[in-house]
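Note sheet for the following structure.
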Amino acid sequence: MEKISRRDFLKQASLASAGLMVGVGISSKSYGNIVGANDQMRIAVAGVNGRGKNHIAGLSKVPNCQVVALVDVDLNVANEQKAKFKETYSRDVAVYQDFRKALENQDIDCVTLATPNHWHALQTVWACQAGKHVYVEKPATHNVAEGRKIIEAAYKYNRIVQHGVQLRSSTAIREAVQLLRDGVIGNVYMARGLVYRRRPSVGNLGISAVPAGLDYDMWSGPAPMRPFSKDLVPYNWHWHWDYGNGDVGNQGIHETDLCLWGLSVDTLPEKITSMGGKFLWDDAKEVPEIQTSIYHYPSQKKIIQFEVRNWCTNLEDGAGVGNIVYGDKGYMVIKGYDTYDTYLGDRREKGPSGKAGGDHFQNFIDSCRANDKSMQHGPVETAHLASALAHLGNIAYRVDAVLTFDPVAEKFIGNEDANRMLTREYRAPYLMPAQV
């Protein structure tokens, strides 16, 4: 007898049952929704040395959702988390070192990506091509051009691609954005993103041997192959251009996303400039420790300011990581992932405020089960825009220029050095497909 996968079995069973239910007055579409509501979603979590641990814990709380596989290029990490998983949940989980092997498993419905930034877009495209839904951590892309690729893949293969900006599922933040739409602070014209994180010197550890159990070629993936260094693995790749995007492209994506959302802006800016530098430490970091970027939308009469400070600093109306949105009747302060306050008029009288969280993983699974992009709180289009905004600021910083940008063509005008940074050269065989 030919062996069929769980996915094909459920599909055949659903179709057969749907025919029976249509006969008693329930449409096949309605019955599909009933089956989907009860079907268990099976998840592979990729990258389990940091944020991926939160993926495991968060997804394990979602009803009818089961983590069935862990993926990590470091087998020491993967096997350690496999043992912890067994201890916590009293069942086994599969381990893969090669992400592509996990995609071959037809019983896996969704993948979540907590891998380094330089892998996010390519893994998203591969997963969509393999028929998997995707939850991708911020930033969804490593460069601007990758944003259009993940949008194309999500729609071509009809897959859910959810961006890991969990504040979009916060009840309070969703309420705050609706208040902005309703005019609580009047005509909204400016947003500021704040990332004041205490990031110490990372030192300079130099080159060393690749640790046993780590597939460093796979870790490097589409990025250039550089000698192994603990300055890169496991965490400090964030501060190197080949792999990360600095704090504006790390913590800052939550805030770039909220700046765009709060201003009701759904395009990239027309003017960008950025300044900063390494003022504090002579360490291995390549990215600036201090950075201020400005994104101007002259045709919409809106502007975004973004600040990264990596050491001792003041808070701004209680916000150290968050946003401040300005209108002609007041301003709103959004703190972290779940809190907002408003201040109205010249006297800064206290207006509406709120504090409440949400479950971004639940929203992802609900959207996957229904295969309905309209249900998503962090859809793929916003993933592209929020990530690209950070990338544009970094490009302006690196070329040291005020840049003019065509938000329709998504190209710089009159600066080819900047245009070359909109994409990257991919290292074979980890190539972004010309056609997804």
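Under the rule a/c < 1.5 gives rounded, and otherwise a/b versus b/c splits prolate from oblate, where does the chain land using the Cα gyration tensor? The shape class here is oblate. Label segment 340-436 by shape, choosing from rounded, prolate and oblate, from the square roots a ≥ b ≥ c of the eigenvalues of the Cα gyration tensor; if a/c is under 1.5 it is rounded, and otherwise prolate applies when a/b is larger than b/c, oblate when it is not. Note, shape of segment 340-436 comes out oblate.
Rounded to two decimals, the Cα-based Rg/Rh of segment 97-137, with Kirkwood Rh, is 0.91.
Which shape class applies to segment 303-397: rounded if a/c is under 1.5, otherwise prolate when a/b exceeds b/c and oblate if not, where a ≥ b ≥ c are the square roots of the Cα gyration tensor eigenvalues? Note, shape of segment 303-397 comes out oblate. Considering only A130, M332, P433, the residue lying farthest towards the positive end of the dipole of the chain is A130, judged by Cα position with unit charges set on Cβ. Peptide packing: for 92-104, 386-398, the average count of neighbouring Cβ atoms within 10 Å per residue gives the ranking 386-398, 92-104, highest mean first. In whole angstrom, segment 275-340 maps to an equivalent ellipsoid with semi-axes of 26, 18, 9, each derived as √(5λ) from the alpha carbon gyration tensor and ordered largest first. Take the Cβ atoms of L205 and D400, set R0 to 25 Å, and the FRET efficiency comes out at 0.30. Rounded to the nearest 20, the size of the Cβ-charge dipole of the chain about its Cα centre is 660 debye, with Lys and Arg at +1 and Asp and Glu at -1.
Here the sum of -39500 (n - 2.57) over DSSP H runs of 4 or more residues, divided by the residues of the chain, equals -10500 deg cm²/dmol at 222 nm, to the nearest 500. Other residues whose C-beta falls under 11 angstrom from the C-beta of L167 contribute a net charge of +1, scoring Lys and Arg +1 and Asp and Glu -1.
Residues W311, W261, ranked from the fewest to the most other C-beta atoms within 10 Å, line up as W311, W261. Which of G244, G327, G318 moves most in a GNM of the chain, Cα contacts under 10 Å? The residue with the greatest mean-square fluctuation here is G318.
Computed over neighbours whose Cβ is under 13 Å from that of E286, the net charge equals -2, Lys and Arg +1, Asp and Glu -1. Neighbour counting of Cβ atoms within 10 Å sorts the residues S293, S220, S374, fewest neighbours leading, into S374, S220, S293.
Please list, or write none, the lysines whose alpha carbon is within less than 22 Å of the alpha carbon of K350, excluding same-chain residues fewer than 8 places away. The reachable lysines, counting only those whose Cα sits under 22 Å from K350, are K329, K335.
Estimated from the Cβ-Cβ distance and a Förster radius of 51 angstrom, the FRET efficiency linking L75 and D182 is about 0.45.
Straight-line cross-link partners of K278 among the aspartates and glutamates, defined as a Cα under 20 Å from its Cα and at least 8 positions apart when in the same chain: D231, D242, D247, E286, E289, E307, D400.
The percentage of C-alpha pairs in segment 65-191 whose separation is greater than 17 Å is 66%. Taken over the alpha carbons of segment 382-436 as equal point scatterers, the Debye sum produces base-10 log I(q)/I(0) values at 0.23, 0.29 Å⁻¹ of -1.00, -1.21.
Which one of K86, K53, K230 has the biggest mean-square fluctuation once the chain is modelled by GNM with Cα springs under 10 Å? Result for the chain, Cα springs under 10 Å: K86 fluctuates most. Using the number of other C-beta atoms within 10 angstrom as an exposure proxy, rank H163, H133, H296 with the fewest first. Least crowded to most crowded, the residues run H296, H133, H163. For the chain, the relative contact order is 19 percent, taking Cα pairs closer than 8 Å that sit 6 or more residues apart in sequence and dividing their mean separation by the residue count. Restricting attention to the chain, close to 60% of DSSP beta bridges with both partner residues there are antiparallel.
A Cβ-based charge dipole, computed about the Cα centre of segment 171-223 with Lys and Arg at +1 and Asp and Glu at -1, lands at about 340 debye. Positive-end ranking of I151, Y89, H118 along the dipole of the chain, with charges on Cβ about the Cα centre, is headed by Y89.
Pairs of lysine residues in segment 76-198 that meet both criteria, 8 or more places apart or on different chains and Cα atoms under 23 Å apart, total 11.
Readers should treat all values here as calculations from the given coordinates under stated rules, not as data from a laboratory. If you're wondering where the values come from, they're calculated on a predicted model, not measured in any experiment. Don't worry about glycine lacking a Cβ; one is built from the backbone with ideal geometry, like all the others, and counts go over all protein chains shown.
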